[in-house]
Amino acid sequence: MKQIVPVHLCCFRSFIGWIITAETARGLFFTGIGADREEAISAFRTAFPHLSEAAGRVETEPHLPAGSAAALIKAYLESGPRLRQVWQELAVLPLDLEPTPFQKRVWQRMRQLVPGETISYGRLARECGSPGAARAVGAACAANPVAIVIPCHRVIRSAGGLGGFGWGLERKQALLDWERRFC
C-alpha cells in the first residue's frame, strides 16, 4: 500500500491573482494562479484530485509559515527593487518534481534565467542540446507545475511574441513587465 505524503497548501493574493502553493517535506510541487482564492484552490484540486485527502487546511495570508515556498514566492512578487536578491533564494528553492530527462534540462536552464532576461523557445532548445526542439521546449514549459519558480514566463517566441503561458498571456505579460521595471 502506497503511503500518502502530507501536503501543505498556502494561498495568497498577488498582482497577478491569487496564488496557491503545494509542497511536501521534499519541496514545492505545484503553484497555481486564480482570479480568487477559490479558483486557485480549485486549480490544485483539478491538477491533483488524488491528493485532496493528504492536503490539510489551506494557510492563507497573513498566516504564511516563515520559510515556506509561499512566503518566498510572495516576498519575490513584492520585492520591487530587491527583485534580483530575492530571486537568488527562489532560484534554489527545493522542488519535489518528477520530470522527464528533457524536462529536467529545460527546467534547470529556465531557473538560471535572471529576472528581466528572456530566451526564445528555439535558443533554449539549442542550449539544452536539442536543436530543432523548440516545440518540445514549449511542451516542457506547458508541463511546468511550478510557474514563477521555474520561470516559463521568461520563454518567448524568437520573433518576440509571448508564445503561451498556462495561467494566461495577460499574467505572463504582467510578470515580464514587472521584472523589467525593477531590473
DSSP beta bridges in the chain, what fraction antiparallel, as a percent rounded to 5?
60 percent
Relative contact order (percent) for the chain, with alpha-carbon contacts under 8 angstrom and 6 or more residues of separation?
20 percent
Taking one equal scatterer on every alpha-carbon of the chain, how large is log10 of I(q)/I(0) by Debye at q = 0.10, 0.12, 0.15, 0.18 1/Å?
-0.38, -0.55, -0.86, -1.24
Just add up the charged neighbours of G160: K/R +1, D/E -1, any other residue whose Cβ is under 15 Å from the Cβ of G160.
+3
Label model pair R45, E127: point-to-point distance (7 angstrom along the Cα→beta-carbon line) in nm is 3.9 nm
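State the volume of the convex hull built on the alpha-carbon positions of segment 111-178, expressed per residue in Å³ and rounded to an integer. Working shown, then result.
Numbers: hull volume 5.3 nm³, N = 68.
In segment 111-178, the Cα convex hull volume per residue is 78 Å³.
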Find which of A43, H153, A134 sits farthest along the positive direction of the dipole of segment 25-183, computed with +1 on the beta-carbon of Lys and Arg, -1 on that of Asp and Glu, about the Cα centre.
A134
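Please report the orientation-averaged projected area of segment 7-90, defined via the convex hull of its C-alpha atoms, in nm².
About 5.4 nm², averaged over all directions.
Taken together, the values in this text are just the output of simple stated rules run on the coordinates, not laboratory data. Note that the structure is predicted; figures quoted are calculated from it, not measured. All Cβ positions, even for glycine, are placed from backbone atoms using ideal geometry, and neighbour counts span all protein chains on display.
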